[in-house]
Amino acid sequence: MNKRLLIVDDELFVRELLQEMCANLGYSVAAIGSRNELPGTLETGEFDAAIVDLRLNDCRGIDLITALREMAPDLSIVLMTGYPTTDDLIAAMRLGVLDCIVKPFRLREIEGTIARACTETSRKSEIRSLRERVSELEAKSSRRPSRRIVMQREEEIAIASSPLEFVNRSMENQSGESGRQKRNSNAKQSPFVVTNG
């Protein structure tokens, strides 16, 4: 299955150029020009990476990246700009942007960046799946007797001089009356003698 890329740039020429470049690399590409198109585009399925322009007509790229993070937390994002500033790059880094490509660029310059972004998205998804699986297992194990209680019971059995004594002690703990006293009174009435062995 082809990796899917999302390209966000308000310049039609840049969108078409990137779309053609990435298609030549074997990617499936969806290209949009505004933030308003973002929700509908994300509903078409998951993407492996996104390339987002820093300056858009309807919003700043940083604002779009924030919205994109909320909608697709695992998606790796590459920032694209013709005018990089320190403040913008710091803001992008804080939002977890993977890399920045500066216009104008060549295909060979962005090929490795896009591949790395796709790999990073896969890694994040795997980690999320593993965490969810661990949470499921922990929830299931919490419905079983805890390991500490099981070990405590095993220790009590080992300390008891015989399994019968352990059972009697357990019965004494459950009822207010001593099970041993009941056995002694029953033994006096019984014509049989109980022996160990």
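Compare the Cα positions of T81, A139, G40 along the charge dipole of the range 4-140 (+1 at Cβ of Lys, Arg; -1 at Cβ of Asp, Glu; about the Cα centre) and return the one farthest towards the positive end.
The residue sitting most towards the positive pole is A139.
Tell me, how many Å apart are the Cα centres for the range 36-102 and for the range 112-136?
Between the Cα centre of the range 36-102 and that of the range 112-136, the gap is 18 Å.
What distance in nm separates the two pseudo spin-label positions at E126 and R60, each 7 Å out from Cα along the beta-carbon direction?
3.6
Do any trypsin sites (Lys or Arg not before Pro) in the range 31-132 lie in a loop, going by DSSP, with at most 16 other beta-carbon atoms within 10 Å of their beta carbon, and if so which?
Details: sites: R35, R55, R60, R69, R94, R106, R108, R116, R123, K124, R128, R131; in loops: R106.
Those satisfying the criteria are R106.
Would you grab the residues whose amide H sits under 5 Å from the one on L56? Only those 5+ places off in sequence or on another chain, please, with H modelled 1.01 Å from N.
Amide H neighbours of L56, under 5 Å, 5+ apart: G61.
Just add up the charged neighbours of T85: K/R +1, D/E -1, any other residue whose Cβ is under 13 Å from the Cβ of T85.
Values: positive: R55, R60; negative: D87, D88.
Computed value for this residue: 0.
Of the beta bridges DSSP finds with both residues in the range 4-140, what % are antiparallel, to the nearest 5? Mind showing how you got there, number by number?
Numbers: 1 of 18 bridges.
Percentage antiparallel, nearest 5: 5.
Name the residues whose placed amide hydrogens come within less than 5 Å of the amide hydrogen of I101, ignoring near sequence neighbours (fewer than 5 apart) on the same chain.
L79, M80, T81
No value in this document is a laboratory result; all are computed from the given coordinates. Predicted model only: the values in this text are computed from it and were never measured. Using ideal geometry, Cβ is built from the backbone for each residue, glycine included, and neighbour counts are taken over all protein chains shown.
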